[in-house]
Amino acid sequence: MKILQKICLVFTIIGAINWGLIGLFNFNLVYTLFEFSEMLQNAIYIIVGICGLINIGLLFMDIEHNED
């Protein structure tokens, strides 16, 4: 489960960076990289959203038990 959460955390960070770029510079990195495929853009947004939901579990983990 730790590996899945780390992968999801990376995708969530990528999504956060993209939102930051949109807010600061009106620049959508996902659109720019994948403007040739709207379906791929949507897939990336869906993956980032699912990863964000999975990472909600990090809020409820006992930090002391997960320090490895």
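What follows is calculated from the coordinates using simple rules that are stated; it is not laboratory data. These numbers come from a predicted model, not from an experiment.
Points worth noting:
- When mean projected area of the Cα convex hull in nm² is computed from the coordinates, the matching label among (i) 5.5; (ii) 6.4; (iii) 4.0 is (i).
- Angle in degrees between helix 38-59 and the longest Cα principal axis of the chain, rounded to the nearest 10: 20
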